[in-house]
Structures are given as structure tokens and as C-alpha cells.
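Step one of this worksheet: look at the structure below.
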Amino acid sequence: MEEFHGNFSELEDLLSKDIFRSYQSFIKNNEEKCLNDLVKITTKLNNSNAKYKGEIIDFLYQPMFFHQGDFSRFEYITKMMISIIEKCTEEYLKKPVFRELFGYSKIMEELILIDPGYKNPVPIARFDLFYNDDYKFCELNGDGTSAMNETNTLEQIFTESEIIKELRKDYKISYHELFLSWLKQLLNIYKEFGGTEKPNIAISDFMGLGSNEEFDTFKEVFEKQGYKTVICDPRDMKYQDGKLCVDDIRIDLIYRRAVNKEVELRIDEVSDFLQAYKEKAVCVVGPFRSQIMHNKIFFEILSSEDKTKFLNTDERDFIIKHIPKTYTLDKKTLPTAIENKDKYLIKPKDYYAGKGVVCGLDRNDGNWENELNDAIEKGGFLLQEFCNFTKKMLPEVIADKFEFSEYKTTLGLFVYNSKLSGLYSRVGRKNVIAGIEESITLPSFVYKKKEVE
């Protein structure tokens with residue numbers, strides 16, 4: 001599988017990013033108009049359900065623009081990573097020796113080994129990467145993949161903005177819808193599972209942990225298409241006589257958003273749900289097999305050629321170039337971490353939303369060494385190459401004026417049933433871009449320059 005580079009004209013356009021210059025030039029030359037436009041966007045966002053824990057999401061008056069050539073490259077990235085994930089999943093299911101590398105509990109291993117009734121081990125995912133002329137992966141999200149609501153809402157609102165209307169005189173600009181497209185793939189998986197009747201759908205997560213506003217949007221979209229949908233906690237599911245029910249409603253298809261770690265922590269409280277899953281009385285999307293790639297130890301395993309001899313030359317080359325070097329943090333790797341503070345970060349193997357991530361650049365020598373020793377004592381931490389090389393000058397409003405400041409960027413690729421289905425752009429001024437630190441969402445648009453008539 002050869003990496004996409006595009007033809008010369010596409011590559012030239014991709015690298016020049018003329019649309020960024022056009023966008024920011026318009027801001028500088030039409031400041032008052034753009035400030036008024038920003039007020040309208042903010043009002044619409046306030047009236048939407050694109051909120052995080054009840055608060056309006058952080059955003060800037062700036063989309064991220066990607067050329068069609070970029071998108072073709074993202075499709076290549078997706079295909080390569082899916083191929084690697086599928087091979088690693090197959091190896092895990094067949095080889096106990098390979099399973100041991102992950103260090104999962106007996107409970108989690110048993111859940112992973114259950115056949116979900118369909119082939120795809122990761123039906124829904126978000127691959128996060130640092131992307132510019134080159135790219136490096138940040139992490140892979142399987143179970144609990146989120147942020148479709150905030151990015152699609154922003155994209156819809158920005159599409160109606162004055163500045164995008166202006167740009168559309170010279171460019172074709174579009175974005176990827178993320179709700180109906182997921183329903184389509186959800187139903188495809190249900191059909192593969194053997195479902196024949198119109199399913200009742202449950203969107204399931206532990207209450208208080210999930211993105212409730214996002215669940216509401218999925219529910220609204222599903223029901224508009226004629227599918228009865230409930231939002232529920234997996235602890236509220238009852239399994240009897242071969243049927244899984246919530247409040248006396250039979251459930252045929254579950255869109256599972258409860259992350260694997262949270263299920264494992266509450267294993268005794270979800271016995272009915274798990275029994276129905278084991279007996280294939282309900283189609284659960286996604287399966288616990290997503291844990292194989294969701295756990296951050298996956299990068300440590302991929303970093304070792306000895307552990308992944310079943311991968312081909314193209315896949316190994318892809319890993320060397322684009323997966324950050326990752327090691328178990330222990331007494332062996334401690335000296336390397338201490339001596340190269342600015343080149344590494346530490347992160348827990350199985351957390352999410354940036355919890356527990358510490359970047360060496362953000363600590364002085366003494367604090368960094370203390371963080372490392374604390375992490376080794378707790379156990380379950382990784383040492384990873386720091387890779388965020390992406391920077392852009394982006395507009396923010398200071399004292400009623402637009403000022404351009406430097407932001408780091410990260411890009412998420414939404415992958416539905418192995419197909420690249422949308423983009424998620426975030427920026428921040430800190431070295432770790434995550435909800436727990438600083439995470440500012442930008443709309444993601446795909447563009448193409450209009451032909452001169």
C-alpha cells in the first residue's frame with residue numbers, strides 16, 4: 001500500500017494553504033464585520049447543545065482547512081492503521097503469548113475473547129494525530145469515542161457565517177456529517193450480526209461519565225429515521241428469557257459508549273448486560289476487543305519489531321515513521337527519561353481525556369524526576385516520545401481586537417466501520433491538548449479551489 005502524495009498541483013496547493021491566508025487576510029481587512037460575525041456565531045453556539053459539562057465549548061474564530069489531497073492522505077493513514085489493528089487483534093485471539101504482552105486482568109481478557117457476532121474489532125474509532133507536512137500519532141480512541149456533536153455543530157454554524165460565505169466565492173467548502181453516517185454503519189453491523197427486524201437501539205454509558213448532550217443528538221437523529229432509541233446506564237439493563245430490556249423496552253442493538261475500563265471497575269453491577277452480550281442476545285457495538293488498540297500499551301508493543309513480526313514491511317515502515325517511540329516506564333527506562341526531559345512525556349496506559357499525562361517540557365528537572373518516580377511507584381505508566389511539532393498562528397479576541405497567537409494543533413480522524421468518516425480539530429497553547437488541560441475546538445472543512453470560468 002503506497003502512501004498518497006498527490007499530483008504536483010495538489011501538493012503545491014496543500015503546502016501553500018492559500019485558503020488560510022485568504023481567511024486571515026479577510027479578518028485583518030474587515031475586523032469590525034468579523035467581530036460582529038463572531039458575536040452571531042457565539043449566540044448560535046450558546047443556543048445549541050454543543051456543550052461540555054453544561055458549558056459552551058471553547059472555540060476560536062478560525063476553522064481548520066484541509067485540501068482534498070489531505071483527505072486522501074487521511075484515507076491512506078486510516079487504511080494502514082486499520083490493517084495493523086486487525087492483524088494485532090487476530091494475533092491476540094490466537095496467541096496466548098501475544099496476549100501476555102498487554103498485561104490485562106483475567107476479567108478483561110475474558111471480555112476481549114468473547115465473539116461479538118461480527119468481524120470488525122473496532123467499529124468506531126478516533127485516531128488522533130499531529131498533522132502538518134508530516135504526521136505522528138498521538139493516541140487511538142476506540143470505546144467511548146466522542147466529540148461528534150461539538151465539531152458538527154461548529155461546522156454547521158460556521159458554514160452560515162459571513163466569512164465562509166465570502167470564501168465560497170473562490171472555494172468549494174464542505175464538512176462531514178457524523179450522525180446519520182454512523183447510524184448507517186451501525187445498521188450495517190447489526191445486519192452482519194444477523195439482525196433482520198427493525199431494531200430498538202440503546203445508547204449506553206454510565207450516567208455522569210458520558211457526553212449527555214451528544215447522546216441526545218444521536219437519539220434525535222436515530223428516532224427521526226424511525227428507530228426507537230433509549231439512553232441508558234448499562235446497570236439498568238435486565239436480561240430475562242433471552243431478552244435484554246430497559247424499562248420493559250426490548251433492546252436489539254446497543255451503541256456502547258461506556259469505556260472498557262469503567263465496565264471492568266463495575267463488573268459486578270452489569271451482569272445482565274454482559275450475559276446478554278456473551279449469549280449474543282443483543283448486538284453490542286463496539287465490542288470489548290477495542291481494548292486491544294485502545295490501551296496505550298498498544299504503541300509500546302508496536303514499537304517493538306520482535307513483538308510484531310507478523311506485520312509486513314510496509315506496516316513496519318509506517319510504524320517507524322509515524323508511531324511515537326513508546327516504552328514501559330520502569331527502573332530500566334528511568335535514566336533515559338531523566339536525561340532527556342524535553343523529549344518525553346508520561347501517560348497512564350488506560351485512562352482517557354488527558355488524565356495523568358505529564359510532559360517533560362512542563363516540568364523543571366526536580367519536578368520531572370519526582371513525577372517519574374511517583375509514576376513508577378504507582379505502576380501502569382508509559383514513557384513516550386513527545387511529538388507535537390504542529391503550530392499555527394490563529395486569531396483570538398483581546399480588548400475587542402483580533403490578535404494572532406501561536407497555538408499547537410491536533411487532528412482526530414473519525415473512523416466508522418473502517419471507513420474515514422470525518423475530522424475533529426483541536427488546538428491549545430499548552431503542550432498537552434486535552435479537556436483536562438486546554439482543548440479548543442475548531443470546525444474542520446475540506447476545500448477545493450473553484451475552477452476559473
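None of the figures in this text is laboratory data; all of them are computed from the coordinates on show. Since the model is a prediction, treat every value here as computed from it, not as a measurement. Note that each Cβ is placed from the backbone with ideal geometry, even for glycine, and that neighbours are counted across all protein chains shown.
For the chain, build the charge dipole from Cβ charges (+1 Lys, Arg; -1 Asp, Glu) around the Cα centre, then report which of Ile433, Phe193, Tyr416 sits farthest towards its positive end. Value: Phe193.
Per residue of the chain, what 222 nm ellipticity follows from adding -39500 (n - 2.57) for every DSSP H run with n ≥ 4, rounded to the nearest 500?
Values: 17 runs with 176 residues, N = 453.
After summing the helix terms and dividing by residue count, I get -11500 deg cm²/dmol.
Which of the peptides 123-129, 244-250 is most tightly packed, and how do the rest follow, judged by the mean count of other Cβ atoms within 10 Å per residue?
Numbers: 123-129: 23.7, 244-250: 14.9.
Peptide ranking by packing, descending: 123-129, 244-250.
In percent, how large is the relative contact order of the chain, given Cα pairs closer than 8 Å and 6 or more residues apart? Don't skip to the answer; put the middle values down first.
On the way: 745 pairs, mean separation 108.8, N = 453.
In percent, rounded to a whole number, it is 24.
Could you list, in their original order, any pairs among Lys136/Lys378; Lys136/Lys430; Lys307/Lys332; Lys401/Lys430; Lys51/Lys136 whose Cα atoms are separated by more than 25 Å? List each step's numbers first, then the result.
Values: Lys136/Lys378 28 Å; Lys136/Lys430 18 Å; Lys307/Lys332 19 Å; Lys401/Lys430 23 Å; Lys51/Lys136 29 Å.
Exceeds cut-off: Lys136/Lys378; Lys51/Lys136.
Under 17 Å between alpha carbons, and skipping anything fewer than 8 positions from Lys165 in its own chain: which aspartates and glutamates qualify? Within the straight-line cut-off, Lys165 pairs with Asp18, Glu31, Glu32, Asp37, Glu155. When the pairs Lys119/Lys448; Lys94/Lys349; Lys224/Lys278; Lys341/Lys419; Lys79/Lys296; Lys95/Lys321 are compared against a 29 Å limit on Cα-Cα distance, Lys119/Lys448; Lys224/Lys278; Lys341/Lys419 fall above it. Residue pairs exceeding 24 angstrom between C-alpha atoms, taken from Lys172/Lys219; Lys106/Lys331; Lys228/Lys280: Lys172/Lys219; Lys106/Lys331.
Order these peptides, 273-285, 103-115, 413-425, 193-205, by their mean beta-carbon neighbour count within 10 angstrom, highest first. All intermediate terms of the calculation are to be shown ahead of the outcome.
Numbers: 273-285: 20.3, 103-115: 14.9, 413-425: 22.2, 193-205: 18.2.
So the order, starting with the most tightly packed, is 413-425, 273-285, 193-205, 103-115.
The aspartates and glutamates whose alpha-carbon is closer than 19 Å to the alpha-carbon of Lys408, local same-chain residues fewer than 8 away aside, are Asp58, Asp70, Asp128, Asp133, Asp134, Glu139, Asp342, Asp362, Glu385, Glu396, Glu437, Glu438. Let me check I've understood the local charge: for Leu186, count other residues with C-beta under 12 angstrom from its C-beta, Lys and Arg +1, Asp and Glu -1. What total comes out? For residues surrounding Leu186, the net value is +1.
Report, in debye and to the nearest 20, how large the dipole of the range 255-409 comes out about its Cα centre when Lys and Arg carry +1 and Asp and Glu carry -1 on their Cβ.
Details: 26 positive and 27 negative charges, 89 e Å.
I would put it at about 420 debye.
For the range 379-453 versus the range 80-113, the inter-centroid distance based on Cα atoms is 31 Å.
Considering only Ala50, Cys88, Thr336, the residue lying farthest towards the positive end of the dipole of the chain is Cys88, judged by Cα position with unit charges set on Cβ.
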